[in-house]
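Just below is one structure, and these are the notes that go with it.
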Amino acid sequence: MLKAAFLILFLQLIGEFIQKYFEINIPGPVIGLVLLLGFLFLNSPKRNHFKDLRQQVIQTSESLLGYLSLLFVPIGVGVVMHLKLLEGQLLGVIAVIVFGTFATMLFTAVLFHLFNRKDTDE
Amino acid sequence: MNEVTRLYEIWVYLQAEPLFWLTLTVGSYLLADYIYRASGLFPLLNPVAISILFVSGSLIIFDIDYERYFSGAKFIHFLLGPATVALAVPIYLNWKLISAKRIAIISSMILGSIFAILITAFISFIVQLDPTLAKSLLPRSVTAPIAMGVSEVIGGEPSLTAILTVMTGIVGAAFGTFLFDLFKIKNMAARGFAFGLASHGIGTARALTKDKKAGAFAALAMGLSGIATAILLPLLFHFLDIF
């Protein structure tokens with residue numbers, strides 16, 4: 001557990017470093033995600049250098065992700081408490097967000113489904 | 001000193017401590033999750049949305065400012081970074097399926113990201129939002145740190161963008177399943193991908209609780225559309241004359 005937690009924190013740290021050093025728009029944790037993906041592939045079952053660590057990382061990540069929704073509560077509360085900032089334009093903003101998000105979700109899902117037929121099937 | 005004053009003094013002490021707000025946050029989430037399950041997983045009773053309402057309702061009733069609340073809630077908030085790194089795991093575990101669908105993934109990533117920007121610009125124009133607000137809305141579909149960076153580049157207000165991005169995530173997470181069921185989109189990969197692309201991390205969290213495969217595609221879409229938007233939006237912005 002502790003080793004896996006260390007690896008995840010460490011890769012996030014490296015990600016934050018890369019983001020700052022190269023001054024790129026991609027957030028540190030997203031770079032950390034790519035690095036962790038790299039670690040998992042480099043240690044695919046055939047190679048077996050860090051077999052235990054790989055297994056631990058998978059377990060730790062899955063249990064952390066089980067609570068992913070909870071992690072958005074503090075920032076969501078911040079939104080409610082700062083709604084004043086949208087004063088007078090709140091209805092317009094809600095219209096954009098609701099209709100824009102619905103349209104984007106449907107467009108993307110339908111598009112994915114259409115292109116999916118061209119890929120090899122599962 | 002009477003009992004009421006003593007209790008009041010203890011409350012004054014406790015509400016200044018992080019422990020109280022941390023407990024309130026986890027408790028509200030558990031309660032919201034219980035209600036969601038008791039309702040037979042009714043999509044509109046999304047646990048994130050309901051627990052946000054519980055917590056912010058309590059803060060308003062007891063007149064607590066957000067900074068005080070956040071002194072406790074920041075311990076939960078901090079875990080968002082490591083959890084984002086951890087999203088590599090569902091992507092890794094579903095890699096075979098993902099590489100089999102690469103054409104769908106790449107084309108939906110590019111076209112979906114462009115569509116999200118254009119539809120936002122279009123509706124903002126119709127409802128006549130003020131230009132700074134409209135610009136702050138443009139990157140709202142992608143994860144907050146990327147959205148805020150892009151917002152700054154195109155002349156929006158990053159703090160507004162943070163709010164608008166989280167609102168987008170909550171709307172997507174709360175209504176996505178409902179919408180896909182209504183339009184009979186059953187493919188879990190397509191549903192997950194749309195969740196991640198249109199409503200970033202909050203949508204991904206929603207997709208993950210529903211189906212692991214959908215979660216993997218959502219995580220992938222969140223990362224890819226974030227990168228695509230960071231590159232495409234500043235370019236596309238030059239052609240959006242309406243602002």
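None of the figures in this text is laboratory data; all of them are computed from the coordinates on show. Keep in mind the model is a prediction, meaning the values are calculated, not measured. Virtual Cβ from ideal backbone geometry, glycine too; neighbours counted across all protein chains shown.
Observations, loosely collected:
- Across peptide A:87-94, the average count of Cβ atoms from other chains found within 10 Å of a residue's Cβ is 4.
- Spatial separation of Cα centroids for the range B:200-229 and the range B:139-192, in angstrom: 11 Å
- Estimated distance in nm for a label pair at B:Val127 and A:Tyr21, the labels positioned 7 Å out from Cα along Cα-to-Cβ: 4.3 nm
- Prolate is the label for the range B:2-101, because the ratio a/c of its alpha-carbon gyration tensor axes (a ≥ b ≥ c) is 1.5 or higher and a/b is greater than b/c.
- Chain B: relative contact order in percent, alpha carbon pairs under 8 Å with at least 6 residues between: 18 percent
- Judged by the ratio a/c of the largest to the smallest principal axis of the C-alpha gyration tensor, the range A:71-122 counts as oblate, that ratio being 1.5 or greater while a/b is no larger than b/c.
- The mean count of C-beta atoms from other chains within 10 Å of the C-beta of residues in B:205-216, rounded to a whole number, is 2.
- Taken over the alpha carbons of the range A:1-68 as equal point scatterers, the Debye sum produces base-10 log I(q)/I(0) values at 0.15 Å⁻¹ of -0.50.
- Principal axis dimensions, the range B:59-207 - Cα atoms, whole angstrom, descending: 51, 39, 32
- At R0 = 22 Å, FRET efficiency that the Cβ-Cβ distance of B:Leu97 and A:Tyr67 yields, to 0.05: 0.35
- FRET efficiency for the B:Leu41 to B:Ile231 pair, using the beta carbon distance and R₀ = 25 Å, is estimated at 0.10.
- Across chain A, counting alpha-carbon atoms alone, Rg and Dmax equal 20.0, 60 Å.
- Along principal axes, Cα extents of the protein assembly as shown, largest first, whole Å: 76, 56, 47
- Extending 7 Å from Cα along the Cβ direction at B:Glu152 and again at A:Leu85 yields two label points whose distance is 1.4 nm.
- Cα-projected label distance for A:Gln59 with A:Lys3, points at 7 Å along beta-carbon direction, nm: 1.2 nm
- Of B:Ser141, B:Ser124, B:Ser199, the one that fluctuates the most in a GNM where chain B has Cα springs shorter than 10 Å: B:Ser124
- Placing +1 on the Cβ of every Lys and Arg and -1 on the Cβ of every Asp and Glu, with nothing else charged, gives chain A a dipole about its Cα centre of roughly 320 debye.
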